[in-house]
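Just so it is clear, none of the values below were taken in a lab; they were calculated from the coordinates. Remember, predicted model here, so these are calculated numbers, not experimental data. Because the Cβ atoms are built from the backbone with ideal geometry, glycine has one as well, and the counts that use them run over all protein chains shown.
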Amino acid sequence: MEIGVNILNFGPHATPSGLESWTAFAETSGLGFAMISDHVAVTPDVAAQYPAPFYDPFTTLAWLAGRTSRIMLGTTVAVLPYRHPLHTARVTANLAELSGGRLILGVGTGWSPLEYAALDVPFDGRGRATDDHLRTIIDAWTHDEIIHNGQTVSTAPRPTPPPPVWVGGDSAPAVRRAARFGDAWHPLFASPAWLRESGLPALREAAAAAGRPVPALAPRIRIHRTETSLASRDPGQGDTAQIRDDIEGYRSLGATHLLLDTYLGDPATIRTPEEDQAVLAELLDL
């Protein structure tokens, strides 16, 4: 199982030097991948959780690709309806080619009605729009020319091979989307118990209905280490032993990748990159 880290591309420590230090930590520590978040219009509801500055994921990943040589780089997750699918297809194809095939495209539908309104994109129907965008992106990645809105569009350079698509979300439509389009399912903060009892059986059922292989499992969990063990907790919370047990729990489910996220969702809890990296180094014996 590859272990990766979620890099904060927002908040007080989101600076070029901070972003570079995170990727250097990931690469030199032997981690397998690093991922960053996506917002385009930082409306008040978004800013309450993801304070400024907020760095664009694709621009940032392209810059970080030039400062690394080994690790995979990706989005957790790109909100597909925010951008035209032909634009997303070209940007990601270029990034994959220029990075030597090191891009993971994690995708989702987003959650902010205000951000959708600011971008003049309908919030209702965002799931259907995400499916439509995925079809177009994958089509553009795999054909020299496609027909879009009645127009012939050249897609070169095409990425060879196409980047893996990780589909986020744990709702029934998201699981079906992962089964239809995804190379991996990328649920956020799902416990091993829920995955075993509900999530993975639903994914297998959806894959069978779609006539596709079952996507790989690539979850993301929040890491909050405490000095003492916790009796009641979410996955990734507790002392070192408890969190290590959680990591083994995902491994036992057959997860191919596990993304560790040190951000707890509250700007007041943001620590320096050095503090977060020290926690991860101890947890993973880096």
How far is helix 200-210 tilted, in degrees, relative to the longest principal axis of the Cα atoms in the chain, given as a value from 0 to 90 rounded to the nearest 10?
10 degrees
Any chance you could list P(r) for the range 135-215, counting all Cα-Cα pairs in 10 angstrom bins from zero, rounded to whole %?
18, 39, 26, 14, 3
Intensity falloff of the range 2-284 expressed as log10 I(q)/I(0), Debye formula with alpha-carbon point scatterers, at q = 0.09 Å⁻¹
-0.41
Viscosity 0.890 mPa s, temperature 25 °C: Stokes-Einstein D of the range 191-274 from its Kirkwood Cα radius, in µm² per second?
171 µm²/s
Starting from the Cα gyration tensor of the range 1-144, take the square roots of the eigenvalues, sort them a ≥ b ≥ c, and report rounded, prolate or oblate (rounded when a/c is under 1.5, otherwise prolate if a/b is larger than b/c, else oblate).
oblate
Taking the chain and dividing mean pair separation by its residue count, relative contact order in percent (alpha carbons under 8 Å, at least six apart)
18 percent
Per DSSP helix of 4 or more residues, -39500 (n - 2.57); summed, then divided by the residues of the chain. What does that give at 222 nm, rounded to the nearest 500?
-11500 deg cm²/dmol
Report the per residue volume, in Å³, of the convex hull enclosing the C-alpha atoms of the range 127-277.
161 Å³
Working out 0.36 nm times the residue gap between residue 274 and residue 241, then minus their Cα-Cα distance, what length gain in nm do you get to one decimal?
9.7 nm
Cβ crowding within 10 Å averaged over residues, with 213-222, 12-21 ranked highest first:
213-222, 12-21
For the peptides 131-137, 43-49, what is the packing order when you average, over each peptide's residues, the other Cβ atoms within 10 Å and list the highest mean first?
131-137, 43-49
How big is the antiparallel share of DSSP beta bridges in the range 2-284, given as a percent to the nearest 5?
15 percent
